[in-house]
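> My questions will all concern the structure given below.
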Ligand SMILES: NC(=O)c1ccc[n+]([C@@H]2O[C@H](COP(=O)([O-])OP(=O)(O)OC[C@H]3O[C@@H](n4cnc5c(N)ncnc54)[C@H](O)[C@@H]3O)[C@@H](O)[C@H]2O)c1
């Protein structure tokens, strides 16, 4: 099986590439490195070699922007001519900062939506019609403190979420245009954190982290003074927001399960939540990190951020039943592995 992985050098992509290679898939990774480093995939190979020196892994890495229609076409054309067509695509490539998406919506629509259209166009042209797409819980519109099911209404409130919802919509349209051929899964991630247990690969954000976990680890490593928590008066047990944190390795394994689910089953389009189904408050996350790693994280509270919700937790029952997958790692594992990565690599991959 030959799989194209877009954005495979990034946080979730690199962990997924590791599992794909462990499982014996041949992979081609394309990435523009706009938010990643080519060292991540070198480290993936190092991890695999440290387990078994003798095994050969089949990975090719290409610096390619998904908006470059010509190069994308050439890649698919070459694969087709060499009689090594792609069996499926796992599509991570995209920009992911809610804040930046509000500042530069043109860029976000261009990369996330136009980039995806380019990709789907060449996939269709070269008869590769199986795709696992990185969607997000930000597509949902109703947050009433109940776990979110996949049929919760879609109504994103920021540009980033709009771009994910737009891609989901056009994937639905593409599927409807040719339901005999397409196999599509939209994976709606909740809050991926942690790192591979080796501490060799992890999240290496460029600039100020947008998400809470890399912020915590950067405070822990001394790169930042303190963690700012947005709001202490939410209607939750301790007043801080509740989120569904999922270990990035559980998420990575979910991708392989989703890929195999598509390859083994009939044509379809399906949306699946990838979360643990358990909500943890920001203070619980910080306290767990402190306890597991024996490190104090200085915190300060500021006002609520516009557009935040008290609680965002997945109902993951559909993913569990369809994918023969479940998240195995607990919050302690996420905190331990995430800190191992950051402490061994204070500057990330740089
Ligand atoms: N991390 C999260 O919290 C989260 C949550 C929900 C959804 N997602 C989505 O999952 C995907 C992967 O997220 P991640 O956390 O690994 O982010 P990431 O930024 O680490 O990975 C994205 C990768 O895509 C690459 N990329 C960006 N634009 C590109 C382009 N035009 N052409 C080629 N490559 C490009 C980046 O260089 C990076 O390697 C993204 O689509 C993101 O929106 C992430």
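The values are calculated or read from the model by the stated rules, or taken from the named source; none is laboratory data. On a predicted model such as this, the values are computed, not experimentally measured, just so you know. As a convention, Cβ positions derive from the backbone with ideal geometry for all residues, glycine included, and neighbour counts pool all protein chains shown.
> Could you list, ordered by first residue, the pairs with Cβ atoms under 6 Å in which the first is in segment 136-153 and on the phi < 0 side of the Ramachandran plot and the second is part of a helix (DSSP H, G or I), at least 6 apart or interchain?
These pairs meet every condition: 136/164; 138/161; 139/161; 139/164; 139/165; 150/318.
> Is it the case that segment 251-265 has a residue that's under 26 Å from residue 171 (Cβ atoms), touching a residue at least 60 places away in the same chain (Cβ under 8 Å) and more than 21 Å from the chain's Cα centre (by Cα)?
yes
> Also: Can you tell me which of 343, 311 is surrounded by 14 or more Cβ atoms within 10 Å (Cβ to Cβ), in contact with a strand residue (DSSP E or B) (Cβ under 6 Å, 6 or more places away or on another chain) and in contact (Cβ under 8 Å) with a residue 24 or more places away in the chain?
The conditions single out 311.
> Being closer than 22 Å to residue 17 by Cα and either within 16 Å of the ligand (Cβ to nearest atom) or surrounded by fewer than 20 Cβ atoms within 10 Å (Cβ to Cβ) (or both) is true for just one of 50, 101. Which residue is that?
Result: 50 is the single residue among 50, 101 that is closer than 22 Å to residue 17 by Cα and either within 16 Å of the ligand (Cβ to nearest atom) or surrounded by fewer than 20 Cβ atoms within 10 Å (Cβ to Cβ) (or both).
> Here's a follow-up. For residue 338, all conditions in the list (1) more than 22 Å from residue 239 (Cβ to Cβ); (2) surrounded by fewer than 17 Cβ atoms within 10 Å (Cβ to Cβ) hold save one; what is the number of the exception?
In the conditions (1) more than 22 Å from residue 239 (Cβ to Cβ); (2) surrounded by fewer than 17 Cβ atoms within 10 Å (Cβ to Cβ), residue 338 misses (2) alone.
> What tally of residues in segment 37-57 results from selecting those that are out of contact with any helix residue (DSSP H, G or I) (no Cβ under 9 Å at 6 or more places or on another chain) and in a helix (DSSP H, G or I)?
Adding up the residues that qualify gives 5.
> Separate question: Considering only residues of segment 78-98 that are surrounded by fewer than 15 Cβ atoms within 10 Å (Cβ to Cβ) and either touching a helix residue (DSSP H, G or I) at 6+ places or on another chain (Cβ under 7 Å) or at pLDDT 95 or above (or both), which is farthest from residue 261 (Cα to Cα)?
The residue in question is 78.
> Can I ask one more? Within segment 58-98, restricting attention to residues that are assigned to a strand (DSSP E or B) and away from the ligand (no atom under 12 Å from the Cβ), which residue is farthest from residue 36 (Cα to Cα)?
Only one residue fits best here, namely 88.
> Only one residue in 184, 201 is away from the ligand (no atom under 15 Å from the Cβ), closer than 30 Å to residue 86 by Cα and touching a residue at least 24 places away in the same chain (Cβ under 8 Å), so which one is that?
Exactly one of 184, 201 is away from the ligand (no atom under 15 Å from the Cβ), closer than 30 Å to residue 86 by Cα and touching a residue at least 24 places away in the same chain (Cβ under 8 Å), namely 184.
> Can you tell me which residue among 323, 344 is modelled with pLDDT of 95 or more and closer than 30 Å to residue 265 by Cβ?
323
> Here's another thing I want to ask about it. Spot the failing condition for residue 118; the list is (1) within 28 Å of residue 244 (Cα to Cα); (2) in contact with a helix residue (DSSP H, G or I) (Cβ under 6 Å, 6 or more places away or on another chain); (3) within 12 Å of the ligand (Cβ to nearest atom); (4) not in a loop (DSSP other than H, G, I, E, B), and only one is missed.
(1)
Okay, residues lined up against (1) buried (at least 22 other Cβ atoms within 10 Å of the Cβ); (2) out of contact with any strand residue (DSSP E or B) (no Cβ under 6 Å at 6 or more places or on another chain); (3) not in a loop (DSSP other than H, G, I, E, B):
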residue	(1), (2), (3)
222	no, yes, no
225	no, yes, no
232	no, no, no
251	yes, no, yes
256	no, yes, yes
259	yes, no, yes
270	no, no, yes
273	yes, no, yes
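Residues are listed down the side, and each one gets a yes or a no for (1) within 20 Å of the chain's Cα centre (by Cα); (2) farther than 17 Å from residue 96 by Cβ:
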{"position": "3", "(1), (2)": "yes, yes"}
{"position": "6", "(1), (2)": "yes, no"}
{"position": "20", "(1), (2)": "yes, yes"}
{"position": "56", "(1), (2)": "no, yes"}
{"position": "63", "(1), (2)": "yes, yes"}
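> When only residues in segment 23-41 that are touching a strand residue (DSSP E or B) at 6+ places or on another chain (Cβ under 9 Å) and more than 25 Å from residue 100 (Cα to Cα) count, which is farthest from the ligand (Cβ to nearest atom)?
By that ranking, first place goes to 26.
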